[in-house]
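**Student:** Please find one structure pasted underneath; my questions will follow.
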Amino acid sequence: MFCKQCGAELQNGTQFCQACGASQGGQAPSGYGGGYGGGYGGGYSGGGKIESYLVPNIIATLLCCLPLGIIGIIYSSGANSAASRGDWATAEQKASTAKTLFWVSFCIGLVAIIAQVAIAVSQQGLAN
Ligand SMILES: [Zn+2]
């Protein structure tokens, strides 16, 4: 399908244009409960909450990868504030970026920890 307002290509079933934000179905945001129920795997259940990955990103910032984690926190809080405005398209977009950033920083952190352990073990092996 295409945006009624600006003509941008959209996924079928998208309620708001990701390019210009225009409503595609004339449905009020309260209609999201049913509309997004399947597509987003229950992420919108409750009709007012979004999984923004704020806490995982804070943990990732502290434990793993500081710069990526901070960017993740920025996206997470952006998702939360968009959700509180009722701007679900933006909230979903930012939350998915925050999720990606979390997993990237988590993986980098994990690799760093494994590398540190490997170095520690090999140094111990040399000492003995
Ligand atoms: Zn549009």
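The values are calculated or read from the model by the stated rules, or taken from the named source; none is laboratory data. Please read all numbers here as calculations on a predicted model, not as lab measurements. We place every Cβ from the backbone using ideal geometry, glycine too, and count neighbours over all the protein chains shown.
**Student:** Kindly check whether there is at least one residue in region 104-123 that is modelled with pLDDT of 80 or more and touching a strand residue (DSSP E or B) at 6+ places or on another chain (Cβ under 8 Å). Break it down into steps so the answer makes sense when it comes.
**Tutor:** Initial filter on region 104-123 (modelled with pLDDT of 80 or more): 104-123.
If we keep only those that are touching a strand residue (DSSP E or B) at 6+ places or on another chain (Cβ under 8 Å) too, we end up with none.
No, the conditions are met nowhere in region 104-123.
**Student:** Filter region 77-128 down to the residues that are within 18 Å of the chain's Cα centre (by Cα), surrounded by fewer than 17 Cβ atoms within 10 Å (Cβ to Cβ) and not in a helix (DSSP H, G or I) and list them by number.
**Tutor:** Residue satisfying the conditions is Gly86 alone.
**Student:** A further question on this structure: In the set Ser122, Ser96, which member is within 30 Å of Ala22 (Cβ to Cβ), free of Cβ contacts under 8 Å to residues at least 24 places away in the same chain and in the same structural domain as Pro56 (by TED's automatic domain parsing)?
**Tutor:** Working: Ser122 fails: within 30 Å of Ala22 (Cβ to Cβ).
Exactly one of Ser122, Ser96 is within 30 Å of Ala22 (Cβ to Cβ), free of Cβ contacts under 8 Å to residues at least 24 places away in the same chain and in the same structural domain as Pro56 (by TED's automatic domain parsing), namely Ser96.
This table checks each residue for (1) outside the structural domain of Gly109 (by TED's automatic domain parsing); (2) at pLDDT 75 or above; (3) within 16 Å of the ligand (Cβ to nearest atom); (4) not β-branched (Val, Ile, Thr).
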{"residue": "Phe16", "(1), (2), (3), (4)": "yes, yes, yes, yes"}
{"residue": "Ala22", "(1), (2), (3), (4)": "yes, yes, yes, yes"}
{"residue": "Gly35", "(1), (2), (3), (4)": "yes, no, no, yes"}
{"residue": "Tyr75", "(1), (2), (3), (4)": "no, yes, no, yes"}
{"residue": "Asn80", "(1), (2), (3), (4)": "no, yes, no, yes"}
